[in-house]
Amino acid sequence: MNVHGSSNGNGIQGRPLDHDVHLQVDEKDGEALISPVGSSMAVVDKLGDLLRGEMSAVEAYDLVLSASHPQGMEHILRELRDNHDHRVSLLRDRIRRYGGAPPPSSGAWGVIAKTLQRGADCLGIRAAALMLEEGEKHGVRLYAAERVAPDLETSRWVHEVLFPEQQKTEHLCREIVRLTEDR
């Protein structure tokens, strides 16, 4: 196929593609599936958004860990925090692979998450646990999105690597909620 816009003989025509746009060709059931996948900068931007979300989750768990919580819960909270921190590392590496610079902070997401988490902490461990659970559910929805990234390779990576880990984290967070039911 000629990706610069002229017909390929099958009636496919179009404008020239941006030099930084990729095509992904997959085969499914004997058919070639061709998909424009966006620029590497679009991929870096989306991965940066995911990274800021993970960084804000680490910050939220740090806040909860610094507050008082029932005995036996610290191990689970630390595991949750460390799971998010691991995804921070994975996302930073992936952004660098695309030639981008990872965001240095969680940005607005972090401010919002910290504000909400501090408010929940003031209301007690149950409110804090419920707030964390909402964040984990949001993460599951985000990573489960069909087109979480502008390119198929990154979308697959998110679905195969980050999404299952986020599902585990959300499940573990439900344990925290369960432990706080009587509080």
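A few remarks follow.
- Taking a ≥ b ≥ c as the square roots of the eigenvalues of the alpha-carbon gyration tensor, the stretch 39-179 is classed prolate because a/c is 1.5 or more and a/b outweighs b/c.
- Structural descriptor for the stretch 39-179: relative contact order 32 percent, calculated from alpha carbon pairs under 8 angstrom and at least 6 residues apart.
- In sequence order, the stretch 84-98 has phi-based couplings of 5, 4, 4, 5, 4, 5, 4, 5, 4, 4, 5, 4, 4, 4, 8 Hz under the Karplus curve 6.51 cos²θ - 1.76 cosθ + 1.60, θ = phi - 60°, and Gly or Pro positions carry x.
- Label-point separation, Val111 to Asp85 (7 Å along Cα→Cβ), nm: 2.6
- Ranking Leu50, Ala127, Val161 by how far each Cα lies toward the positive end of the dipole of the stretch 39-179 (charges on Cβ) leaves Leu50 at the top.
- Placing a label point 7 Å from the Cα of Asp182 along the Cα-to-Cβ line, the residues of the stretch 52-73 whose backbone N sits under 15 Å from it are 70-73.
- Shown is the FRET efficiency for Ser66 and Val140, computed with R0 = 30 Å from the Cβ-Cβ distance and rounded to the nearest 0.05: 0.70.
- For the pair Lys168 and Arg78, the difference between a 0.36 nm per residue extended length and the Cα-Cα distance amounts to 31.0 nm.
- Rounded to the nearest 20 debye, the dipole magnitude of the stretch 39-179 is 140 debye, with +1 charges on Lys and Arg beta carbons, -1 on Asp and Glu beta carbons, and the Cα centre as origin.
Values quoted throughout were computed directly from the atomic coordinates according to the rules given, and no laboratory measurement underlies them. Predicted, not measured: the structure shown is a model, and the values here were computed from it. No Cβ is skipped: glycine too gets one built from the backbone with ideal geometry, and neighbour counts run over all protein chains shown.
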